[in-house]
Amino acid sequence: MTGGGPWLPGEWTDDTAMALCLAESILGTRGDGALFDEDDLVGRYAAWAASGPKDIGITCSTALRGTPTAAAARERAGDLHERTGRTAGNGTVMRAVPIAIAAADAGQATEAARADATLTHFDGAAAAASAALVAALRRPQQLLAAASAEAEGDGRLACALALVDARDEAGLRALAADADGTAWATLAVGLWAACVVDDYAEGVAFAISLGGDTDTNAAVAGALLAARHGAEAIPAAWREGLRERERIERVAAALAAQPGAPPRSRAIGR
């Protein structure tokens, strides 16, 4: 919030940029049975990627730059995985929050989260982590149970969430250092902040204190904590300094007004 390096005070990173693309696609294209139009969404992601952002992950960049369609994005994501075997980054988890707010029900939320994830990340852990996050956001008083139910199919994600369940802080810190930037480490850090620290400012600060991919870890922690405690838990000074705050609040309110938005999400939207 104080700025530094290339960042202006209150300026946000690729986490918020991609979440806004997703939110605005939902609001602009939602139709019967589908939360968003995949080609429209990829078009928005690709336009942002081509705009010269200060921060964009390699996996997202590879899948999106110059990509005309969802099918092309998925093909590029698959090609990258074939070359590197490393497409389980947290780039899908950081942007998935709008899905949790706007989905008609839990099933649509997890299905849409997985579909969005596969646009850029081939590894199934990314899709599972995104689904786990949106499931947790829709059940804010049962965060860990909801997330764990979606994580059962991926051993890496299940092991990470087991650290939270066991309150194994040393294990979590080791995971955050050794698996920095992965979908499972980021989700585990966010759930620890919400389930163990359970205070908005302290939880976000804890996520940042672990180092590594601090903006994404803090974004996921903040989303979970806000789902649990409401927007009033966010320190006023943090909200007042936020760049393009009006745009973010307008989009959030519109998402929360969508049919099926859970009660806590409606409170955040206001």
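Kirkwood Rh, Cα Rg: Rg to Rh for region 143-218?
My calculation puts Rg/Rh at 0.93.
Any chance you could run the full-extension gain for Leu8 through Ile58? It's 0.36 nm times the residue separation minus the Cα-Cα distance, nm to one decimal.
15.7 nm
What does the highest-first list of 176-186, 246-256 look like by mean Cβ count within 10 Å?
The most tightly packed comes first, giving 176-186, 246-256.
With 10 angstrom as the radius, rank Leu41, Leu20 by how many other C-beta atoms surround their C-beta, starting from the fewest.
Listing Leu41, Leu20 from fewest to most nearby Cβ atoms yields Leu20, Leu41.
Count neighbours as other Cβ atoms within 10 Å of each site's Cβ, and list the GluC sites (Glu not before Pro) in region 78-153 that are DSSP loop with at most 13 such neighbours.
Glu152
At 1.002 mPa s and 20 °C, plugging the Kirkwood radius over alpha-carbon pairs of region 14-269 into Stokes-Einstein gives what diffusion coefficient in µm²/s?
In µm²/s, the coefficient is 121.
Cut-off is 10 Å between beta-carbons; in what order do His121, His229 appear when sorted fewest neighbours first?
Ascending Cβ contact count within 10 Å gives the list His229, His121.
If packing is taken as the average number of other Cβ atoms within 10 Å across a peptide's residues, how do 214-221, 70-77 rank, most packed first?
Output ranking for 214-221, 70-77: 214-221, 70-77.
Which order results if Ser51, Ser61, Ser209, Ser25 are arranged by neighbouring Cβ count within 10 Å, fewest first?
Fewest-to-most Cβ neighbours within 10 Å comes out as Ser51, Ser209, Ser61, Ser25.
Assign one of three labels to region 150-270, namely rounded, prolate or oblate, based on the Cα gyration tensor with a ≥ b ≥ c the square roots of its eigenvalues; rounded applies when a/c is under 1.5, prolate when it is not and a/b is larger than b/c, and oblate otherwise.
prolate
Let me check I have the definition right: for region 1-122, take the eigenvalues of the Cα gyration tensor, multiply each by 5, take square roots. What are those semi-axes in whole Å, largest first?
Taking √(5λ) for each eigenvalue gives 22, 19, 13 Å, largest first.
Loop only per DSSP, at most 16 neighbouring Cβ atoms within 10 Å: give me the GluC sites (Glu not before Pro) in region 210-245, ordered by residue number.
Passing both the DSSP loop test and the Cβ count: Glu244.
Rule-based calculations on the coordinates, nothing more; no lab input. Keep in mind that what you see is a predicted model, and the values were worked out from it rather than measured. Cβ: placed from backbone, ideal geometry, glycine included. Neighbour counts: every protein chain shown.
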